[in-house]
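First the structure, in the form of structure tokens, and then the observations on it.
The values are calculated or read from the model by the stated rules, or taken from the named source; none is laboratory data. Just so it is clear, the model here is predicted, and its values are computed rather than measured. Every residue, glycine as well, gets a Cβ built from its backbone with ideal geometry; the counts of neighbours run over all protein chains shown.
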Amino acid sequence: MVEPRHELLDLLRTRSLRRGDFVLASGRRSTYYIDCRLTTMSGPGQRLIGQLGLALLEQHGWHPDCVGGLTLGADPVAYAIAHTAALAGRSLDAFTVRKEAKGHGTGRLIEGADLAGRSVVIVEDVITTGGSALQAIAATRTAGARVLGVVAVVDRNEGGRQRLEADGWTVLSLTTAEELLA
């Protein structure tokens with residue numbers, strides 16, 4: 001039987017890793033692209049990310065009330081972890097940080113949970129520069145949440161982790177780009 005972490009690596013390599021010439025959201029050029037959503041939005045990916053993500057939180061002694069991050073990359077990661085927690089009898093809500101507040105209805109920037117006074121973990125599909133995580137951290141802190149740290153499915157090891165850690169945040173990842181490229 002394949003260990004869940006190796007199964008996730010195989011799934012990411014098969015579904016999400018592309019080689020070629022790409023311009024990343026940061027504006028940098030890369031010889032590979034990780035379209036993590038092709039994994040995070042799949043049934044097998046949801047199962048594995050939920051299982052491994054929840055285990056990673058527990059290994060590091062993080063017991064958040066909520067998990068979430070900047071839409072769209074963080075959404076399936078948060079939902080997978082929250083769903084897995086529910087299956088294990090744990091209460092854990094998911095939330096989404098919009099890129100900007102809605103211009104209609106409630107005008108909310110954060111959807112899915114009231115974060116005031118709650119502990120949260122920011123999740124990401126891929127960390128490159130750390131900008132999305134920092135944006136989510138700022139929004140959740142403004143909403144009154146206590147941020148425990150950041151969890152990513154993949155760390156590209158291109159400075160994002162270091163940028164977040166320089167701001168005092170602990171960053172954990174399920175895998176790295178180097179592992180996927182090996």
**OP:** Find the residue count for the range 150-162, including only residues that are touching a residue at least 24 places away in the same chain (Cβ under 8 Å), in contact with a Ser or Thr (Cβ under 7 Å, 6 or more places away or on another chain) and not aliphatic (A, V, I, L, M).
**Re:** 5
Original post:
Does Ala166 satisfy the condition of being under 20 Å from Ser26 (Cβ atoms) and of a type in the set (A, V, I, L, M, F, W, C)?
Top reply: yes
Original post:
If you check Val2 against the conditions, is it over 17 Å from the mean Cα position of the chain (by Cα), at pLDDT below 95 and more than 21 Å from Lys99 (Cα to Cα)?
Top reply: yes
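Name the residues in the range 163-176 that are touching a residue at least 24 places away in the same chain (Cβ under 8 Å), assigned to a helix (DSSP H, G or I) and surrounded by fewer than 21 Cβ atoms within 10 Å (Cβ to Cβ), would you?
First, the residues of the range 163-176 that are touching a residue at least 24 places away in the same chain (Cβ under 8 Å): 163-164, 167, 169-175.
If we keep only those that are assigned to a helix (DSSP H, G or I) as well, we get 163-164.
The answer is Arg163, and nothing else.
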**OP:** Could you list all residues from the range 111-149 that are without any contact (Cβ under 8 Å) to a residue 40 or more places away in the chain, part of a strand (DSSP E or B) and buried (at least 20 other Cβ atoms within 10 Å of the Cβ)?
**Re:** Val147
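Given the criterion modelled with pLDDT of 95 or more, within 16 Å of the chain's Cα centre (by Cα) and under 17 Å from Ala78 (Cβ atoms), identify the matching residue among Ala177, Ala133. So that I can check it myself, show each step before the final result.
On the way: Ala177 fails: under 17 Å from Ala78 (Cβ atoms).
One residue alone meets the criteria, Ala133.
Name the one entry in Asp93, Asp21, Asp10 that is closer than 21 Å to Thr170 by Cα, of a type in the set (D, E, K, R) and free of Cβ contacts under 8 Å to residues at least 60 places away in the same chain. Reasoning before the result, please.
On the way: Asp21 fails: closer than 21 Å to Thr170 by Cα; Asp10 fails: closer than 21 Å to Thr170 by Cα.
The conditions single out Asp93.
A quick yes/no check of all residues on (1) surrounded by 23 or more Cβ atoms within 10 Å (Cβ to Cβ); (2) under 19 Å from Gly130 (Cα atoms); (3) touching a residue at least 60 places away in the same chain (Cβ under 8 Å); (4) out of contact with any helix residue (DSSP H, G or I) (no Cβ under 8 Å at 6 or more places or on another chain):
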position: Met41; (1), (2), (3), (4): no, no, no, no
position: Glu58; (1), (2), (3), (4): no, no, no, yes
position: Asp65; (1), (2), (3), (4): no, no, no, yes
position: Ala74; (1), (2), (3), (4): yes, yes, yes, no
**OP:** Collect the residues in the range 55-70 that are small (Gly, Ala, Ser) and within 13 Å of Ile122 (Cβ to Cβ), keeping them in residue-number order.
**Re:** Gly68, Gly69
**OP:** State whether one or more residues within the range 99-106 are surrounded by 16 or more Cβ atoms within 10 Å (Cβ to Cβ) and either aliphatic (A, V, I, L, M) or under 21 Å from Thr176 (Cβ atoms) (or both).
**Re:** no
Subject >> Residues of the range 1-39 satisfying the condition of being surrounded by fewer than 18 Cβ atoms within 10 Å (Cβ to Cβ), assigned to a loop (DSSP other than H, G, I, E, B) and not small (Gly, Ala, Ser) >> reply: Met1, Val2, Glu3, Leu24, Arg28, Asp35
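Here is a yes/no grid of residues against (1) surrounded by 13 or more Cβ atoms within 10 Å (Cβ to Cβ); (2) modelled with pLDDT of 95 or more; (3) under 19 Å from Ile122 (Cβ atoms):
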site	(1), (2), (3)
Arg47	yes, yes, no
Gly50	yes, yes, yes
Ala80	yes, yes, yes
Ala88	no, yes, no
